[in-house]
Amino acid sequence: MQIKEPQTITGKIKVITTCSKTGKFLRETVFTPNRIMLGTNTGKTLILQRLIGNNAFSLNITHGDIGTSSTAPLDANTQLIAPTARVPISNSSITANVATLFFFFSNASLANGTYREFGTFVDGTSTISTGRIFNRALFTVAYVKATGEDTTIQLEITIT
């Protein structure tokens with residue numbers, strides 16, 4: 001008897017915008033699928049390394065970067081194409097087979113502008129692009145951040 005158990009790991013992100021003074025909800029985007037990387041010391045490969053006892057990297061997602069490039073994600077990416085800001089995880093949880101992570105960019109930490117890409121990093125520091133990229137996404141519609149807005153990126157990673 002052959003057991004057929006296909007497994008996949010997928011991710012999706014959305015942007016939530018709130019007023020920096022009141023915390024009032026302003027708007028949110030629809031979820032956008034992302035690419036979980038599959039290259040040397042990135043994304044899915046990091047999971048495989050941990051399964052065989054290669055513990056060179058913790059597999060802990062520590063930071064998220066936001067950037068301005070509209071270049072499509074590729075498995076070979078090792079960082080965002082045009083990163084502009086980075087924050088640590090602000091909150092996280094697991095429900096059944098879904099890990100949800102939040103990345104909070106305050107009005108002061110994210111310049112007004114148009115953003116098109118987001119990615120997360122394993123074992124990063126507060127310096128942009130440090131660590132090992134886990135996933136990268138392009139926003140379906142470019143995100144335009146204005147004065148007085150806080151920005152939260154919600155990432156959901158699902159294993160099925």
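Computed from the coordinates by the stated procedures, all read-outs in this text should not be read as laboratory data. Predicted model, so just to flag it, every value in this text is computed and none were measured. Cβ sites come from the backbone with ideal geometry, for glycine too, and all protein chains shown count toward neighbours.
What shape does the range 63-146 have by the C-alpha gyration tensor, where a ≥ b ≥ c are the square roots of the eigenvalues, rounded means a/c under 1.5, and otherwise prolate means a/b greater than b/c and oblate the rest?
Verdict is rounded for the range 63-146.
Could you tally the net charge around residue 67, taking each other residue with its Cβ under 9 Å from the Cβ of residue 67, Lys/Arg +1 and Asp/Glu -1?
My count for the surroundings of residue 67 gives -1.
Pop the C-beta distance of residue 100 and residue 28 into the FRET formula with R0 = 22 Å and round what comes out to the nearest 0.05.
E between residue 100 and residue 28, to the nearest 0.05, is 0.95.
Scaled to the compact-protein estimate 2.2 N^0.38 Å, what is the alpha-carbon radius of gyration of the range 30-71, rounded to two decimal places?
1.41
From the mean inverse distance of alpha carbon pairs (Kirkwood) and the Cα radius of gyration, derive Rg over Rh for the range 1-60.
1.21
Go ahead and estimate [θ] at 222 nm for the chain from helices alone: -39,500 (n - 2.57) per DSSP H run with n ≥ 4, summed, over the residue count, rounded to 500.
My calculation for the chain gives -1500 deg cm²/dmol from helical runs alone.
In Å and from the alpha-carbon atoms only, list the Rg and Dmax of the chain.
16.0, 61
Summing Lys, Arg as +1 and Asp, Glu as -1, what charge do residues with Cβ under 11 Å from the Cβ of residue 142 carry, residue 142 excluded?
+1
Can you tell me the dipole magnitude for the chain around its Cα centre, using point charges on the Cβ only (Lys, Arg +1; Asp, Glu -1), in Debye to the nearest 20?
It works out to roughly 120 debye.
Counting only other residues whose beta carbon sits under 14 Å from that of residue 28, what net charge do I get with K and R as +1, D and E as -1?
+2
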